[in-house]
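What follows is a set of notes on a single structure, which appears directly below.
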């Protein structure tokens, strides 16, 4: 497949417009997922954005952004955490496909965030070490919030914890990889955070961006 590099700003605009179609129930569908598209993609791919999202079944990335086959390089893990395998996956897309936009997509009422808060407030006995590895990665972005006035407001605490975790993952990708740091400096790679609302279906981008939301 011939590769066409999509600038970060254009990629971001596509996501914003796709999410708007999803919310307004005007999904495009059709050519983006038909047989001809599937056959064309058998020879290669050129995703215009990388999405690091949560595994939550209520946040299917391609549907939320109204995109089709081959459009998005999607990495999903509970709590949209950043560990070496996730960094490696983002590096792969940036180097192999020239993808210029990375979005860390968290969501409201995230179960992994809730589990981390519960663990900090009421430590569990004999917790799976694999589950604990997720909690331990989320913990630093949540811990300080528990020492603020938010501890008296569970809803606000959850909301701010979700956003703090998104920002922590964005920061980790921006500054935790020589490959991505070079792509940011030399090629205009953008790493941005966003939050999906389970109630409204809207995706709110948390970083200053110059697109029409």
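When restricted to residues that are in contact with a helix residue (DSSP H, G or I) (Cβ under 8 Å, 6 or more places away or on another chain) and either within 14 Å of residue 109 (Cα to Cα) or assigned to a helix (DSSP H, G or I) (or both), region 167-186 contains 12. Scanning region 130-142 for residues that are buried (at least 18 other Cβ atoms within 10 Å of the Cβ) and either over 15 Å from residue 80 (Cβ atoms) or touching a residue at least 40 places away in the same chain (Cβ under 8 Å) (or both) yields 134, 137, 138.
Residues that are in a loop (DSSP other than H, G, I, E, B) and under 16 Å from residue 65 (Cβ atoms) within region 12-38 comprise 24, 25, 26, 27, 28, 29, 33, listed in sequence order.
Checking each residue in region 24-65 for being out of contact with any helix residue (DSSP H, G or I) (no Cβ under 8 Å at 6 or more places or on another chain) and buried (at least 20 other Cβ atoms within 10 Å of the Cβ) picks out 59, 61.
Yes/no per residue for (1) at negative phi; (2) out of contact with any strand residue (DSSP E or B) (no Cβ under 7 Å at 6 or more places or on another chain):
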{"position": "17", "(1), (2)": "yes, yes"}
{"position": "53", "(1), (2)": "yes, no"}
{"position": "73", "(1), (2)": "yes, no"}
{"position": "85", "(1), (2)": "yes, yes"}
{"position": "92", "(1), (2)": "yes, yes"}
{"position": "102", "(1), (2)": "yes, no"}
{"position": "109", "(1), (2)": "no, yes"}
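Determine if region 143-166 includes at least one residue that is part of a helix (DSSP H, G or I), touching a helix residue (DSSP H, G or I) at 6+ places or on another chain (Cβ under 9 Å) and touching a residue at least 60 places away in the same chain (Cβ under 8 Å). Scanning region 143-166, I find at least one residue that is part of a helix (DSSP H, G or I), touching a helix residue (DSSP H, G or I) at 6+ places or on another chain (Cβ under 9 Å) and touching a residue at least 60 places away in the same chain (Cβ under 8 Å), so the answer is yes.
Read-outs: derived from the displayed coordinates by stated rules, not from any lab. Note that this is a predicted model, so its numbers are computed, not measured. Because the Cβ atoms are built from the backbone with ideal geometry, glycine has one as well, and the counts that use them run over all protein chains shown.
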